[in-house]
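Since the structure comes first, as C-alpha cells, the remarks are kept for the end.
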Amino acid sequence: MINWTLFKQEIKNNYRLTIIFVFILILYTAIIIAMYDPQFASSLEQMSQSMPEIFAAFGMANISTNLTEFLINYLYGFLYLIFPIVFIILVTNNLIVKYVDKGSMSYLLATPNKRSKIIANQAMVALFLSFIIIIFLTLFCIIIGEILFPGDMDIKGLILVNIGLFGLWTFIASLSFLSACVFNESRKSIGISVGIIIYSILVQMLSQFNDKLDFLKYLTPLSLFNSLEILKGDMKYILLFILLYLVSVGFYFIGIKVFKRKDLSL
Amino acid sequence: MDIIKINNITKDYGGGRGIFDVSFCVKKGEIMGFLGPNGAGKTTTIRHLLGLINPQNGTATIKDMDCFKSADIISKYLAYLPGEISFFDNMSGNEFINFIAKMKGIVDMKYVDLYKDKFELDANISIKKMSKGMKQKLALVVALMQDAEIMILDEPTSGLDPLMQNRFVEIVLELKKRGKTILMSSHIFEEIEKTCDRVVIIKNGKVVAVENVDKLKHNKEINYEIEFESEEICKVFIKENPDLNAKIRNKIVTISYSNDINTLLKILLKYSIKDLNVYQKSLEELFMHFYGGEQK
C-alpha cells in the first residue's frame, strides 16, 4: 500500500504547506485559549445571548463550563473545519490531481508498481499529513491549557473529540480522493469535491441557525460529528463518528478501484 | 520473435478520432519507426502499450503479457520517453533522476553519467529553470538510464539541436548493436533512415503501411526549386522536358525527382539559372505520397 521512496518524496514536497497550516491553526487556538478567562467568557456569553442565531450558525451555541468545552464551542464548529478542508484540497491537488492533469503521473505508473499501490500511497500521504496536524493541535491544546489553566481541561474528553474530528477530516480527505480518482481534469475533480463540501457546510450552518431548520442536519454528512455530545460521552455520537471512518474506508476503496481501471490520457 | 504485439486495437473517441483496427508487431532487436501526421493516433497507440488505456477491441502485449493488466511487470523491461514532458518541477534534474531511479529500482547508475556526458546535460539546476532542450535531454537520460531491453520513445529529438540529434542517432545505433528493441516516433527523416529497420505508418487512426526502410529509401523523392533567368527560358525548359512534370509559378519551377541527381544537373546546365533550391520532402509527405492514393 505504501511505496516508501514515493512517500518520502511526497512528504518532502508537502511539508512546507503542512507547517503553514499547523502554524495558522495553532495561532487561532492560542488566541481562543487566551480568551478563556471567566470575565471574558461571560462577555462572550452576553454577546451570544444578544444574537443567538449567528453564534449558533457557527456552532458556538453553548455555554461552556470548562476549557475543553470552551475550545469545542469556538474552534470545532468552524475553524477546525474550514482550514483542514482547504489543506486537504490543496494536498490532494498536489498529490494526485496535478499529476494526472499535467501528465507526470505517467512517470509514476511507468515504475514496477501497481496503479493501486501508487494511488493508495498518495492517499496515505494526505492522511498522514492531516494526522500530523491533529497531533500538533492536540498536544498544543493540552500543554498550553495545562500551563495557563491547570486542571481546568478534560484531557480524555479532548482526545476523544479529536479522534472524532479526525474522522471528519478523513471523510473529507476520502471524498476529495474519490473525486480525484474519478475525474481526469483538475477543474472537475476539484470543482466537484469543493462543491459537495461547501454544500455540506452551508446546510450544516442553516440547520444550526434555527430549530425549524433542524431537520437539515440529516442532509449533511458534517452533522455525523457532534463534538459536544462526544465530549459528554454519548455513545450514539461516538458510533456516528465511527460511521464517518467506515464511510471513508468505503470511499477510498471505490476510488482505488476506479483509478485502477480507468483510461488515463497521460 | 515478436516482442511488441498489437492486434486489431480499436479505441474510438467519436468524431473520427481514435485508432481503428491497428495491428503491427516489433521483433526482438528491431528498431521500428512510428510515423504519421499529428493527430494520427501515434500517442493513443503508445498509451495502449504503456497500459494507460484499455482497448475497446483487440489486444496489446509486450513479451506476451497484457499491457494493461501487467503494466507493473512489463515496466521492468520497458523504458518510456513521453512525447509531452512534464516532470515534478519542484525538483532539480539530479533529484528527479535519482527519484525515478529509486522508483524503478535501478542500482547501477553508470548509464546516468554516460548519457549525461553524451548529451552534455548539467542536471544540477531546478527543472523549472530548464529550457525546452534541457528538459528533453533530461527526459532522454531518464529513459535511457534503465538500459531496458525494450524502449518506446515518443519524438525523442524534439527540441534538440542538430548536433544532439546526431548524437542521439549514434546512441540508437549503439543500442541496436546491443540488441535492444525500440519503437520510436519521429518527424525527422534522417533519424528514421539511419536507425530504423522498418517503419509503421499511421494516418487517421489506421495503419497505412508497414514497410522496410530500405525500400522507402529508394523511393526518396526530392523537390527542386529552380529559378531561371527569364520567363522565356523557363517556358523553353518546360517544353523541352515534359517528362519532368515541372510546375511553374512566377518564373520558379518546381520538380519532384527521385532519380540520379547528375542526370538532372546535366539537363539544367543547358539553361541559364539564377537560383537552385533543394528541399527534402518531410517524412509524412514522402510516405503519404506513396500511400495517400489508397486513402482518398
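Quick notes on this structure:
- When all protein chains stay in place and ligands, DNA and RNA are ignored, the 1.4 Å accessible-area order of B:R167, A:R187, largest first, is A:R187, B:R167.
- Where Rh is the Kirkwood radius over Cα pairs, Rg/Rh for segment A:109-179: 1.19
- Put simply, segment B:199-256 fits an ellipsoid with semi-axes of 35, 12, 9 Å; these come from the alpha carbon gyration tensor as the roots of five times its eigenvalues, largest first.
- Between A:Y218, A:Y237, A:Y245, the residue with the greatest mean-square fluctuation in the GNM of chain A (Cα pairs under 10 Å linked by springs) is A:Y218.
- Once the convex hull of all Cα atoms in chain A is built, its volume per residue stands at 123 Å³.
- Compared with the dominant principal axis of the Cα atoms in chain B, helix B:283-295 is inclined by about 80°.
- Cβ crowding within 10 Å averaged over residues, with B:193-205, B:52-64 ranked highest first: B:193-205, B:52-64
- Separation between Cα centres of segment B:134-179 and segment B:65-113, rounded to whole Å: 14
- Stokes-Einstein diffusion for the protein assembly as shown, with the hydrodynamic radius set to the Kirkwood value over Cα pairs and evaluated at 20 °C in a medium of 1.002 mPa s, equals 76 µm²/s.
- Highest-first arrangement of B:143-152, B:260-269, A:48-57, B:80-89, where packing means the average Cβ count within 10 Å: B:143-152, B:80-89, A:48-57, B:260-269
- The order of the peptides A:190-202, A:165-177 by mean Cβ neighbours within 10 Å, most packed first, is A:165-177, A:190-202.
- Listed by chain and number, the aspartates and glutamates placed with their C-alpha closer than 20 angstrom to that of A:K114 are A:E10, A:D101, A:D263, B:D64, B:D66, B:D72; residues fewer than eight positions away on the same chain are left out.
- Put a plus charge on the Cβ of each Lys and Arg, a minus charge on the Cβ of each Asp and Glu, and nothing anywhere else: the dipole of the protein assembly as shown about its Cα centre is then about 1220 debye.
- Helix axis angle, A:235-261 relative to chain A longest principal axis, alpha carbon, degrees: 20
- Only lysine pairs 8 or more places apart, or on different chains, with alpha-carbon atoms under 23 angstrom apart are counted in segment B:84-146, and they number 25.
- Projecting the Cα positions of B:V199, B:T263, B:N245 onto the charge dipole of segment B:196-278 (unit charges on Cβ atoms of Lys, Arg, Asp and Glu, taken about the Cα centre) puts B:V199 furthest along the positive direction.
- Heavy-atom accessible surface of chain A, averaged per residue, reaches 46 Å², computed with a 1.4 Å probe.
- For A:K156, the lysines whose Cα comes closer than 16 Å to its Cα, not counting residues fewer than 8 places off in the same chain, are A:K232.
- Shape index of segment A:132-262: Rg/Rh, with Rg the Cα radius of gyration and Rh the Kirkwood radius from the inverse mean 1/r over Cα pairs, equals 1.05.
- Ranking B:I127, B:L49, B:V169 by how far each Cα lies toward the positive end of the dipole of segment B:40-170 (charges on Cβ) leaves B:I127 at the top.
- B:I31 long-range amide H proximity, modeled H, under 5 Å: B:I182, B:D197, B:R198
- For chain B, the spread of Cα positions along the three principal axes, ordered from largest to smallest, is 70, 45, 36 Å.
- For segment B:222-280: rounded, prolate or oblate by the Cα gyration tensor [a/c cutoff 1.5]: rounded
- To put it simply, the accessible area of chain A at a 1.4 Å probe is 70 percent carbon and sulfur.
- Taking N as the residue count of segment B:1-53, its C-alpha radius of gyration divided by 2.2 N^0.38 Å amounts to 1.17.
- Segment A:147-218: Rg to Rh, with Rh as the Kirkwood radius over Cα pairs: 1.16
- Interface size, chains B and A: roughly 2400 Å² of accessible area buried, both sides included, 1.4 Å probe, rounded to the nearest 100.
- Per residue of peptide A:7-15, the mean number of Cβ atoms on other chains within 10 Å of the residue Cβ is 2.
- Helix axis angle, A:115-148 relative to chain A longest principal axis, alpha carbon, degrees: 20
- With the charge dipole of segment B:4-94 set up from +1 on Lys and Arg Cβ and -1 on Asp and Glu Cβ about the Cα centre, the Cα lying farthest toward the positive end among the listed residues B:A79, B:I6, B:G93 is that of B:I6.
- Global form of segment B:84-146, assessed from the alpha-carbon gyration tensor, a/c cut-off 1.5: oblate
- The magnitude of the dipole of segment A:4-261, with charges of +1 and -1 set on the Cβ of Lys/Arg and Asp/Glu and taken from the Cα centre, is near 1700 debye.
- This model, with +1 at the C-beta of Lys and Arg and -1 at the C-beta of Asp and Glu, gives segment B:84-146 a dipole about its Cα centre of some 100 debye.
- Solvent-accessible surface of chain B, taken per residue with a 1.4 Å probe and all protein chains present: 47 Å².
- Computed from backbone phi with θ = phi - 60° and the Karplus coefficients 6.51, -1.76 and 1.60, the 3J(HN,Hα) list for segment B:86-99 is 9, 9, 9, 7, 8, 9, 8, x, 5, 4, 5, 4, 5, 4 Hz; x is used for glycine and proline.
The values are calculated or read from the model by the stated rules, or taken from the named source; none is laboratory data. A quick note: this is a predicted structure, and the numbers were derived from the prediction, not measured. Note: ideal-geometry Cβ built from the backbone for every residue, glycine included; neighbour counts use all protein chains shown. Heavy atoms of the whole protein, side chains included, go into the accessibility calculation; ligands, DNA and RNA do not. Shrake-Rupley method; radii C 1.70, N 1.55, O 1.52, S 1.80 Å.
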